Amino acid sequence: MPDSYDFPPRRRPDDPLREIQKIVDQVRDRFAGRGPSGLNPWLIIVIVALVYVLSGVYIVAPDERGIVLRFGRVVREADPGPGYHLPWPVERVIKPSVTQIRKAEFGFRTVDIGPPARYQDVDPEALMLTGDENIVKLQFIVQFKVKTGPTGTTDFLFNVRDPENTVRDAAEAAMREVLGRNDIDNALTEGKEQVQQDAQALLQRILDQYQVGLEVVTVKLQDVGPPDKVSDAFKDVISAQQDKERLINEARGYANDVVPKARGQAAQLLNEAEAYSAAKVQDATGAAQRFSALRQEYEKAKDVTRLRLYLETMEQILPRMNKIILDDVAGKQVVPYLPLDQVIKPKPAEAPKQ
């Protein structure tokens with residue numbers, strides 16, 4: 001080996017590495033406790049160990065749930081608040097949000113939230129087949145969140161690789177199945193609410209079956225109508241159906257107005273007939289009783305009773321007659337053809353006395 005090289009190598013006064021070597025030696029001496037201001041190595045170890053132990057402290061926010069993993073395997077779920085896990089690399093914590101409401105759009109996409117909002121149609125998702133083999137254009141949204149429960153968050157994170165796309169596929173399949181059980185008239189008119197409820201229930205069953213760990217908050221139909229190419233024809237059909245319903249309602253309203261009146265009039269006639277019948281029966285009964293009483297009086301005094309009956313009858317008949325009665329003397333002094341009935345104006349007939 002040449003004489004110019006020895007161990008440790010001596011540096012030239014102008015060697016740039018000389019200063020670096022000097023700094024390295026000073027640092028090494030300080031940590032070895034040989035310098036005048038050297039640090040205690042045990043203190044450094046204690047500080048590092050304390051920092052390592054405290055790295056296991058974690059805090060779960062109110063809208064989060066902590067998932068503790070030990071070597072990549074789930075060991076427990078932690079509620080909101082402070083907690084502790086073994087420091088890395090033994091355990092670690094994942095804190096996903098469990099209260100956030102997520103939304104998936106089907107048949108359209110929001111291009112700009114605005115205002116005003118702008119949307120873009122996605123016809124491959126919107127066109128669906130009904131139970132009576134008609135095609136409708138249906139746009140809807142699905143709102144969902146992480147399912148509450150002891151294993152809901154774990155299922156959401158680890159059971160399915162892509163939960164949101166799984167929700168999209170399951171929601172589209174559920175809506176197509178439900179719509180395939182309904183005819184087009186039901187889907188376009190009064191059956192929308194039932195379609196929403198059935199689709200939400202079916203989607204929740206599918207997600208529970210796959211243990212996705214998601215809860216369906218709502219399924220809301222945004223727009224249900226015919227395809228654009230046959231929209232005008234469908235509008236005519238809907239208008240005709242609405243006219244039909246309107247006429248049926250008007251006819252029912254007229255019937256509800258006329259039928260009660262007719263029934264009331266019929267009831268009134270029946271009541272009047274029953275009252276007339278009762279009155280006639282009572283009159284006949286009274287007349288029979290009066291005749292029986294009169295017959296008894298007649299048997300007691302026939303002449304007096306006969307005269308009284310004659311006089312009472314004449315009292316009822318004569319007031320209604322326009323007659324002039326003359327005695328024998330007056331009858332001989334007047335002209336027989338004189339219209340005496342016009343001399344005295346006839347008086348109006350009075351009602352017979354009871």
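For the structure I just gave you, tell me whether residue 240 is modelled with pLDDT of 85 or more, within 30 Å of residue 186 (Cα to Cα) and open to solvent by less than 70 Å² (accessible area, probe 1.4 Å). So residue 240 passes the test. Just one of the listed residues (75, 111) is open to solvent by 50 Å² or more (accessible area, probe 1.4 Å) and more than 37 Å from the chain's Cα centre (by Cα), and it is 75. Pairing residues of the range 290-305 that are without any contact (Cβ under 8 Å) to a residue 24 or more places away in the chain with residues that are open to solvent by less than 100 Å² (accessible area, probe 1.4 Å) and aromatic (Phe, Trp, Tyr), at Cβ distances under 9 Å and at least 6 apart in sequence or on separate chains, gives 305/298. Taking the condition modelled with pLDDT of 90 or more, loosely packed, with under 15 Cβ neighbours inside 10 Å and over 17 Å from residue 104 (Cα atoms), does residue 205 pass? So residue 205 fits the description; yes. Restricting attention to the range 163-178, does a residue exist that is open to solvent by 50 Å² or more (accessible area, probe 1.4 Å), within 30 Å of residue 234 (Cβ to Cβ), in contact with a Leu (Cβ under 7 Å, 6 or more places away or on another chain) and not aromatic (Phe, Trp, Tyr)? Within the range 163-178, one or more residues are open to solvent by 50 Å² or more (accessible area, probe 1.4 Å), within 30 Å of residue 234 (Cβ to Cβ), in contact with a Leu (Cβ under 7 Å, 6 or more places away or on another chain) and not aromatic (Phe, Trp, Tyr). Listed by first and then second residue, the pairs with beta-carbon distance under 7 Å, at least 6 apart or on different chains, first residue in the range 127-138 and touching a residue at least 12 places away in the same chain (Cβ under 8 Å), second of a type in the set (S, T, N, Q), are 130/182; 131/182; 136/130.
Here is a check on your reading of the model: is residue 39 surrounded by 11 or more Cβ atoms within 10 Å (Cβ to Cβ), assigned to a loop (DSSP other than H, G, I, E, B), modelled with pLDDT under 75 and among the hydrophobic types (A, V, I, L, M, F, W, C)? For residue 39, the condition - surrounded by 11 or more Cβ atoms within 10 Å (Cβ to Cβ), assigned to a loop (DSSP other than H, G, I, E, B), modelled with pLDDT under 75 and among the hydrophobic types (A, V, I, L, M, F, W, C) - is met. Just checking, does the range 268-275 include any residue being under 26 Å from the mean Cα position of the chain (by Cα) and loosely packed, with under 11 Cβ neighbours inside 10 Å? Checking the range 268-275: not a single residue is under 26 Å from the mean Cα position of the chain (by Cα) and loosely packed, with under 11 Cβ neighbours inside 10 Å.
Check the range 318-337 and report whether any residue there is open to solvent by less than 100 Å² (accessible area, probe 1.4 Å) and either among the aromatic types (Phe, Trp, Tyr) or at pLDDT 80 or above (or both). No - not one qualifying residue is present in the range 318-337.
If we scan the range 129-144, do we find a residue that is in a loop (DSSP other than H, G, I, E, B), open to solvent by 40 Å² or more (accessible area, probe 1.4 Å), farther than 30 Å from residue 231 by Cα and polar (S, T, N, Q)? No, the conditions are met nowhere in the range 129-144.
A Cβ distance below 9 Å, combined with a sequence gap of six or more or placement on separate chains, defines the contacts here; from the range 204-219, residues that are closer than 13 Å to residue 164 by Cα reach residues that are surrounded by fewer than 18 Cβ atoms within 10 Å (Cβ to Cβ) and among the hydrophobic types (A, V, I, L, M, F, W, C) in the pairs 213/157; 213/158; 216/201. Remark: pairs (first residue in the range 166-184, more than 13 Å from residue 219 (Cβ to Cβ) and in contact (Cβ under 8 Å) with a residue 24 or more places away in the chain; second residue among the small types (Gly, Ala, Ser) and open to solvent by less than 10 Å² (accessible area, probe 1.4 Å); Cβ separation under 7 Å; 6+ apart in sequence or on different chains) = 182/191.
Are any of the residues in the range 95-102 within 30 Å of residue 188 (Cβ to Cβ) and among the aliphatic types (A, V, I, L, M)? Within the range 95-102, one or more residues are within 30 Å of residue 188 (Cβ to Cβ) and among the aliphatic types (A, V, I, L, M).
The values are calculated or read from the model by the stated rules, or taken from the named source; none is laboratory data. None of the values given here were measured: they were computed from a predicted structure. Using ideal geometry, Cβ is built from the backbone for each residue, glycine included, and neighbour counts are taken over all protein chains shown. Surface areas here come from the heavy atoms of the whole protein model, side chains and all, with no ligands, DNA or RNA. Shrake-Rupley method; radii C 1.70, N 1.55, O 1.52, S 1.80 Å.
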